[in-house]
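Here is the structure we will look at.
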Amino acid sequence: MKFCPKCGYFVNSNTNSCPKCGYNIKKIVSQGSRTKTGVVIASIVVLILVIYLLVPQSDNFENSQLVSSNFSKQKLDTQNLPKSHDQFVQFALKLVNDDRKKHGVLPVSLGNNSAAQNHADDMLQTKYFSHWNSEGVKPYVTYTFFGGRGNVAENIANTFSECPTFNCIPSVFDPYKEIERLHYGMMYDDAGSNWGHRDTIIDPNHTHVNLGIAFDNDNFYFVQHFETIIIEWTKIELVNTELKMVGTLPDGFSIEQIQIFSDVNPKPLSGKILNEELPYKQNFYEKGTLEVLNSKPPPKNS
């Protein structure tokens with residue numbers, strides 16, 4: 001997929017001219033965008049503890065394919081907008097909550113976990129596009145390393161430029177427009193991913209989102225980490241082989257089952273491996289190996 005540099009309209013890769021404004025696509029540096037999504041729960045080191053909760057659901061949750069978007073009819077004027085990272089994040093947060101509102105779900109708050117930004121920076125520096133990072137770990141491990149204690153689901157998207165000649169003009173990304181394009185693609189042009197990005201964005205169970213934005217003249221990376229923070233943890237402690245977790249559930253919630261997964265020990269990975277080898281180049285990630293399944297709810301007040 002690429003975009004018309006004149007009007008910003010989505011253009012099919014095989015099209016020679018923009019169907020909206022008629023601009024000659026052959027004249028531009030080719031651009032493309034990629035997206036990946038994953039939905040997994042937070043981990044402690046290489047152990048992944050999954051606690052399935054019975055969560056109250058919204059009655060107004062809709063299929064986003066029924067909700068129209070006027071993205072192609074509006075031209076985003078960014079000339080007078082402030083060019084700061086914090087403003088880019090606030091803009092991305094507004095896009096998320098605008099779409100959640102359209103689908104009858106509550107807004108998410110901006111989180112304070114740095115894992116999304118860390119992943120965006122790492123992809124830009126190492127030149128790869130994967131849910132794994134250059135340390136060889138999945139999003140929930142990085143999320144936990146930066147203090148996350150809830151559930152986390154990751155969406156990642158990337159716009160890239162390929163310069164076909166030695167003297168072409170480098171791309172200069174407009175962060176607001178790239179964020180809008182990539183978010184729009186994940187919400188309304190996501191059939192190729194079975195609408196996984198869209199479902200993550202408008203999942204009514206999410207409470208927070210953390211956003212990562214990193215770019216240069218050749219690549220623009222956009223990361224969304226959606227959190228579900230329900231349990232108020234007072235202790236999470238790993239002593240030798242014993243994991244102790246103490247927390248409080250809000251009214252209306254109960255624990256249905258507990259699962260523990262394990263991942264293999266991570267190893268550093270190059271950008272080439274992350275881009276070209278399995279499982280790293282897949283557009284999803286999994287929890288690992290199921291080690292323990294406890295379907296008996298813990299005793300009350302335990």
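Ordering of 139-147, 239-247, 261-269, 117-125 by packing is 139-147, 117-125, 261-269, 239-247, highest average first (other Cβ atoms within 10 Å, averaged per residue).
When the pairs LYS235/LYS296; LYS83/LYS138; LYS101/LYS127 are compared against a 26 Å limit on Cα-Cα distance, LYS83/LYS138; LYS101/LYS127 fall above it.
Between PHE146 and GLN87, the contour length at 0.36 nm per residue exceeds the alpha carbon distance by 19.0 nm. When peptides 100-111, 197-208 are ranked by their average number of other Cβ atoms within 10 Å per residue, the highest-first order is 197-208, 100-111.
Dipole size of the range 172-302 about its Cα centre, with +1 on Lys/Arg Cβ and -1 on Asp/Glu Cβ: approximately 400 debye, rounded to the nearest 20.
Read-outs: derived from the displayed coordinates by stated rules, not from any lab. In this text the structure is predicted, and so the values were computed from the model without any measurement. A quick note on method: Cβ atoms are made from the backbone with ideal geometry, for glycine too, and the neighbour counts reach across all protein chains shown.
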